[in-house]
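Below is one structure, written out as structure tokens; comments come after it.
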Amino acid sequence: ANHTILISKDGRKIPVMDTGAPIYDIDGTVAGVVIAFQDETEKRTQRNLLKASEHRLRSTLDNMMEGCQILGYDYRYLYLNKSAVEQSRLPEKYLLGKTILECYPGVEKTEMFAQLKLCMEKRSPQKMENEFTYPDESKEWFTLSFEPVPEGVFILSQNITQHKKAQEEIRKLSRAIEQSPVSVLITNPSGNIEYVNDRFCEMSGYTREEVIGKNPRILKSGYQDNVFYKDLWDTIRSGKEWRGEIQNKKKEGTIYWESIIISPILNDKKELTHFVSVQEDITERKAYQQSLNIFRTLIDQSNDAIELIDPETGRVLDCNEKAFNELGYTRDEYLELKVFDYDVNLDQDKFFKTIESLKTKGSLIFESALEHKNGQYLPVEVNIKYIKLNRDYVVAIIRDITQRKQSEEKLKFSEEKYRNLVDNALVGVYESNLEGEFTFVNKILLDTLGLNTPEDLKNNKIVQLYAKSSDRNEFINSLKENGFVTNYEIDFNIKGKGIIHTLLSARLKGNKITGMILDVTKKKDAENAMREAKEKAEEMNRLKDSFLANMSHELRTPLIGILGYAELLEQELKDENLINMVNVIRSSGKRLNKTLNNILDISKIESEVYHLNLEKKNLIDPLTEQIKLFTPVAEEKNIKINFSYPETSLESQIDELLFVSIIDNILSNAIKYTVEGKIDVMAKKENNMAVIEFMDTGIGIAEKSLELIFEPFRQVSEGYSREYEGTGLGLSLVNKCTVLMGGTIAVKSEVGKGTTFTLKLPCIEIANDDKTKITGS
Ligand code: ADP
């Protein structure tokens, strides 16, 4: 077929398509030709229109932002627009007519090619995001869409590298917030929560769903007041940032502290869109801060000075109150000082040397002295320690040891004093152990034990010194049992001295025995002598008693005979002279009898064989009787006896025999020692005592003799020159009898004027039990 133009009669050009075919005769020769024309005017117009549209489409494609390319079935580039050329980074001329495999060797192994192939072969459209690697290894991200077209495949590609990066950036940021160790909360301008991160949920105990849309006030613990929150909101609403610490409450009720920063977020038009609140749990930090405060207080309260010292410079970096107070500085003044400014034993050189040795040893304790601001020295004990924290420090704990020093001095002094005392003591002092080895012996004991020097101790075991070695075992056993022994009698056998007697007192502590040894050899000897003498005296006394008992009988029997017959003779005799002689015999016999009775009574009382026979008696009765008996004797000397008593009854517990003997002796003395005048006897009750006074107007007794007269055989005028007969036994007997009955006897006298004896006996009844006990002494 041919396309040609026919020109019509009116000159119009008509595009036609002609077709011709030969016409054959029966014999096969060409007989003619058939030519057919088809008007193509319409068709041509259509084709031109299509061409124009194609052109338009083409220029649109060419200028598109996205890359457009068409690959033929053999993967040859058929078409690339400008963007596609740019994206390919190769010249268009190079690309066109070549296959993609030629242009990008290795592309057949990529996912992108797989998708392309799928589209090419299965004629199905495909879409993907692809990170394309250029031959120079650089990479870009693209979205690709593959469309099957009649020529092959149309590829639309868009570079999304920038978008990808931005997306990555956002993802990174939101990850950061999501996984942040601080809690993040975002609200809208009216304060409703729009976002919280995981940490927030963890810290508050609320799930995300529980808080979204709510106001953060659900966290309030109530610790802060409304003013506090108002200030917070005012600040952030005005577009400023708010920072502070808030006490909040977890969902389950636990209180916790947060450090919070709330910032408003503004958009491009400076409008408030959100609030972001970032909070950190500082509960632990607060607790830590608090314990730090406690420690600071403790350190400040410490009785020791505590200092933090810079090992590089010796400077005091920090210290407690005690440190600067003790040395009279203010804190600021003190923190200007270096250690060697106030430690009198340190200079810069010595300080650094000390630090060097401290580094190896870790800590050091030593004594030193610090200088007070006023110049006085303070003895101290220093304990320093090297510590490594953010940097190196030396911690010094300084203790005032003034008192300790003083008591050490005192102790030394008292130790010396006691050592002196022990050394010079008159009693032996020693220290030994259970094995019997001396560890200390004072001077006198050294002497007692016959040792010369303390060195001799080493060669002597205590056990060797015992006279009887079994004593040692007994002593140790009793010491172990009781912990101590007192006045344990032990004999030692000392070389050169023989046996010595000692009293040993000791105390056991652990294995140590401290003891005292008193040499009582001399005392013991004296005691023995005394005991012998006493035994002898007792023997003599016993002899005396039996002598007296015998004598009493032997003396009394003949005397009774003499007196009895003298009396008979007196009645029988008529001769005046003879009667007088018999009278002398009688009165001498009586006197002898009296003396004898007194002697025997006294010895009876003395030898404690007298048994009291106490009875309640009205004393007036025996008194009256005795006075009656003595009245004639007194009248012979022209002496009157007056007896007066205000009450007729004066009762007392008495042994009548003794009482009569008392009255007897006093009255006979009163008559004997009175030349002229009278005797007044008065009996009365005074302070529950029966008081009997005997007042005579006799010769009296000199002051110095008053204390003698109650002793046996003592008289005021003694020796051969005595004027009055008597034995000196009477008052001694009186005194003994009075005391036996629980009474007293007293005397008052004036020489030449007279004498008064006052006898007092108890009126109160004496308990029965006591009666038997009252015997002579
Ligand atoms: P004597 O047997 O000597 O009287 P006493 O023991 O009765 O012994 O008295 C001791 C001494 O006390 C007497 O020797 C006498 O010197 C003195 N004496 C006792 N009673 C009186 C008295 N009433 N007046 C003066 N002297 C007295």
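Please list the non-local residues whose amide H lies under 5 Å from the amide H of Tyr488, H modeled 1.01 Å from N, same-chain partners needing a gap of 5 or more.
Leu504, Ser505
Give the cross-link partners of Lys214 among the lysines, using a straight C-alpha distance below 25 Å as the criterion and excluding same-chain residues fewer than 8 apart.
Lys230, Lys240, Lys249, Lys250, Lys251
Contact order normalised by length for the range 189-287, with contacts defined as Cα pairs under 8 Å and 6 or more residues apart; what percent is it?
Over the range 189-287, the number comes to 23 percent.
Along the range 376-385, what does the Karplus equation 6.51 cos²θ - 1.76 cosθ + 1.60 (θ = phi - 60°) give for ³J(HN,Hα), rounded to whole Hz, x for Gly and Pro?
6, 9, 10, x, 9, 10, 10, 10, 10, 9
Taking H as built 1.01 Å from N, whose amide H comes closer than 5 Å to the amide H of Lys98, not counting residues under 5 places away?
HN-HN under 5 Å from Lys98: Tyr77.
Going by alpha carbons, how many degrees (0 to 90, nearest 10) lie between the helix axis of 283-301 and the longest principal axis of the chain?
Value to nearest ten degrees: 30.
Need one number: nm distance between label points at Phe713 and Glu415, each 7 Å from Cα along Cα→Cβ, rounded to one decimal.
My value for the distance between the label points is 6.6 nm.
Does a label point 7 Å from the Cα of Lys270, set along Cα-to-beta-carbon, have any residues of the range 199-241 with amide nitrogen under 19 Å, and which are they?
235-241
At a threshold of 8 angstrom on Cα-Cα distance, excluding pairs fewer than six apart, so keeping six or more, what relative contact order does the chain reach in percent?
Reported as a whole number, the value is 4 percent.
Report the paramagnetic label zone for Lys13: residues of the range 35-60 whose backbone N is under 17 Å from a point 7 Å from Cα along the Cα-to-Cβ axis.
Only 39-49 pass the distance filter.
Quick check: pseudo-label points 7 Å beyond the Cα along Cα→Cβ at Ser190 and Glu371, how many nm apart are they?
Calculated label separation equals 7.7 nm.
Relative to the present Cα-Cα distance, how much length would full extension add between Glu121 and Lys461 at 0.36 nm per residue of separation?
Net length gain for the segment: 109.9 nm.
Residues in the range 50-66 near a label at Thr143, defined as backbone nitrogen under 14 Å from the 7 Å Cα→Cβ point?
65-66
Calculate how steeply helix 656-672 sits against the longest principal axis of the alpha-carbon atoms of the chain, using the helix alpha-carbon long axis, and give the answer as 0 to 90 degrees to the nearest 10.
Between the helix axis and the principal axis of the chain, the angle is about 60 degrees.
Tell me which aspartates and glutamates have Cα within less than 15 Å of Lys353's Cα, excluding those fewer than 8 residues away on the same chain?
Within the straight-line limit of under 15 Å, Lys353 reaches these aspartates and glutamates: Asp310, Glu312, Asp343.
In straight Cα distance, which lysines are under 25 Å from Lys534, not counting same-chain residues fewer than 8 positions off?
Lys522, Lys523, Lys524, Lys544, Lys604, Lys736, Lys773
Report the label-to-label distance for Thr110 and Leu629 in nanometres (one decimal), using points 7 Å from each Cα along the Cα→Cβ vector.
16.8
Find the lysine pairs in the range 390-494 meeting two conditions, Cα atoms under 27 Å apart and a separation of 8 or more places or different chains, and report how many there are.
Lysine pairs meeting the criterion: 12.
Assign one of three labels to the range 609-687, namely rounded, prolate or oblate, based on the Cα gyration tensor with a ≥ b ≥ c the square roots of its eigenvalues; rounded applies when a/c is under 1.5, prolate when it is not and a/b is larger than b/c, and oblate otherwise.
Verdict is oblate for the range 609-687.
Nearest-5 percent of antiparallel DSSP beta bridges in the chain?
The antiparallel proportion sits near 95 percent.
What does the C-alpha gyration tensor say about the overall shape of the range 255-331? Classify as rounded when a/c is under 1.5, otherwise prolate if a/b is larger than b/c, or oblate.
prolate
Which ³J(HN,Hα) values, rounded to whole Hz and listed in residue order, are derived for the range 183-196 from phi using the Karplus coefficients 6.51, -1.76 and 1.60 in 6.51 cos²θ - 1.76 cosθ + 1.60 with θ = phi - 60°, glycine and proline given as x?
Listing the rounded values in order: 7, 10, 9, 10, 10, 7, x, 8, x, 8, 5, 10, 8, 9 Hz.
Please give the FRET efficiency for Lys748 paired with Lys590, using the beta carbon to beta carbon distance and R0 = 35 Å, rounded to the nearest 0.05.
0.70
From the Cα gyration tensor of the chain, with a ≥ b ≥ c the square roots of its eigenvalues, which class applies: rounded if a/c is under 1.5, or else prolate if a/b is larger than b/c, or else oblate?
Since a/c reaches 1.5 and a/b is larger than b/c, the shape of the chain is classed as prolate.
Can you list which of the trypsin sites (Lys or Arg not before Pro) found in the range 355-445 are DSSP loop residues with at most 10 other C-beta atoms within 10 Å?
Listed in order of number, the matching sites are Arg391.
Between the DSSP loop rule and a limit of at most 14 other Cβ atoms within 10 Å, which GluC sites (Glu not before Pro) in the range 282-336 are left?
The qualifying sites are Glu312, Glu336.
Check each of the chymotrypsin sites (Phe, Trp or Tyr not before Pro) in the range 130-189 and keep only those in coil by DSSP with at most 12 other C-beta atoms within 10 angstrom; list them in order.
Sites meeting the loop and neighbour criteria: none at all.
Under the Karplus relation 6.51 cos²θ - 1.76 cosθ + 1.60, θ = phi - 60°, what is the ordered set of whole-Hz ³J(HN,Hα) values for the range 753-758, x standing for Gly and Pro?
Working through the residues one at a time gives 10, x, 10, 10, 9, 10 Hz.
Any chance you could run the full-extension gain for Thr439 through Met530? It's 0.36 nm times the residue separation minus the Cα-Cα distance, nm to one decimal.
28.9 nm
Amide H of Tyr195 versus every other amide H placed in the peptide plane: which residues, excluding those fewer than 5 positions away on the same chain, fall under 5 Å?
Ile186
In the neighborhood of Ile699, defined by Cβ-to-Cβ distances under 12 Å, what is the net charge if each Lys or Arg adds +1 and each Asp or Glu adds -1?
Spelling it out: positives minus negatives among the neighbours equals -2.
FYI, it's all coordinate maths here, none of it is from the lab. Please read all numbers here as calculations on a predicted model, not as lab measurements. Cβ coordinates were reconstructed from backbone atoms using ideal geometry, including for glycine residues, and neighbour counts include every protein chain displayed.
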